[in-house]
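Beneath this line is the structure, given in structure tokens, with notes to follow.
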């Protein structure tokens, strides 16, 4: 099975609830599979593809929702800046996926690769108490009311995803696998690795 996975390019896209540990799981999964990992690394690529400053691209990404960016155009541009960044981001994801096997975190990668056969789409979620623990201990965020902070982050992610894709963030039918990460990071990685191997084996 490992030989099958190694022979063909494939992608794993991971959408996740805030505090579910999805980024950590994705990074370890990429290491276990021996393939490339992309999260914030895409910022530099998008900046280069769009011709925009890297810090500016990061600012746009951090905003998460396009609402305050309507009507904001780069000189000579014909599209609002948030759409230019999204298009450059999607193009970069597709280009990487065509050239090599990758794990992508967030950034609507599942939608960008919607026409790709060898793409495993994963959604990671967890109970609120688990997410609070991760948010406090790993991210050092959340303040005195971490539950409210987490819900706000999820709302931003859903708004961004729903706006650009016209799909529904977190809807089970959009993914090949939905995983409760409260089983533990390493257990989640083992399960996902096995799923990828089985998925690719069935796509011969």
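When the chain is fully extended, how far beyond the present Cα-Cα distance does residue 176 get from residue 9, taking 0.36 nm per residue of separation? Kindly include the intermediate steps, with their values, before the conclusion.
Values: separation 167, 0.36 × 167 = 60.12 nm, distance 1.75 nm.
Between residue 176 and residue 9, full extension yields an extra 58.4 nm.
Could you order peptides 131-144, 188-201 by the average number of other Cβ atoms within 10 Å of their residues, highest first?
Values: 131-144: 14.9, 188-201: 17.9.
The most tightly packed comes first, giving 188-201, 131-144.
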> Any idea what diffusion coefficient segment 105-204 gets from Stokes-Einstein, in µm²/s, Kirkwood Rh on alpha carbon pairs, 37 °C, 0.692 mPa s?
Replying inline: 217 µm²/s
> Semi-axes, largest first, in whole Å: what does sqrt of 5 times each Cα gyration tensor eigenvalue give for the chain?
Replying inline: 27, 23, 14
>> Please compute the length gained on full extension between residue 83 and residue 148, using 0.36 nm multiplied by the number of residues separating them and subtracting their Cα-Cα distance.
In response: 20.5 nm
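Taken together, the values in this text are just the output of simple stated rules run on the coordinates, not laboratory data. Note that the structure is predicted; figures quoted are calculated from it, not measured. With ideal geometry, Cβ positions are generated from the backbone for all residues, glycine too; neighbour counts draw on all protein chains shown.
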